[in-house]
Amino acid sequence: MIGRQRIHAGQHLALLGLLFCLIGPSPAHAVPLVNDPNGFQSMTWGVALTAKPDLEVTTPGPHVNEFRSRDGAPSYAGIPVESVRFLSVDDQFARVTIRYQGTDRHKQILAYLEQQFGSLERIPGQMMRGLNQQYTWRGTDTEINLTYHANTERGYIFIDSRTLTPRFNDRITDSAE
């Protein structure tokens, strides 16, 4: 009985290790963000997105609103992407969410991010290859997170205000009551 329990426990540990390898890495360490943009494009964190005539509300809410550009096809750094969404919390610009698909676009976007915000080379915790890749750049005002799923070739970029994005959690908690 004891021998079976040891084998059984060992099998569980092996399965957990395999599952960890398949699901993805632990949260990556952040690279220091050089040239902190303190916002996105020409918009600084905290600006009222409702005052921007080139943006339209796509998902209204009591505290959190999502916007998109009224102008043509979405792109990031001149690279076509599936969507670029701007989020505000309590009428203050706090996050940009970008979705894209394709290995070539991923390579272009990653090269752009490294050129603009800092190289990922030899940084412990960064996941350069594998089914799930995760990269993080952290500055004084801005944090950029990129996650890429190689099996579906889908990528997600979150560009966040480090001071305003914690309010999303506060508002979710408040509205969940």
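Read the figures in this text as sums done on the coordinates, not as results from a lab. All values derive from a computational prediction rather than experimental measurement. Cβ atoms come from the backbone with ideal geometry, glycine included; neighbour counts cover every protein chain shown.
Annotation for S42 and Q115: the two label points, set 7 Å from Cα along the Cα-Cβ direction, are 2.2 nm apart. Shape call for region 49-114 from the C-alpha gyration tensor, a ≥ b ≥ c root eigenvalues: rounded (a/c under 1.5), prolate (a/b greater than b/c) or oblate? Here region 49-114 falls in the prolate category.
Here the peptides 86-95, 49-58 are ranked by packing, the mean other Cβ count within 10 Å, and the order with the highest first is 86-95, 49-58.
Among rounded, prolate and oblate, which fits region 29-175 when a ≥ b ≥ c are the square roots of the eigenvalues of its C-alpha gyration tensor, a/c under 1.5 means rounded, and a/b larger than b/c means prolate? It is prolate, given that a/c is not under 1.5 and a/b is the larger ratio.
Label-to-label distance, R154 versus A73, with points set 7 angstrom from Cα along the beta-carbon direction: 2.1 nm. Mean separation of Cα pairs under 8 Å and 6 or more residues apart, divided by the residue count, gives region 29-175 a relative contact order of 26 percent. Summarising the strand pairing of region 29-175, around 95 percent of its internal DSSP beta bridges are antiparallel.
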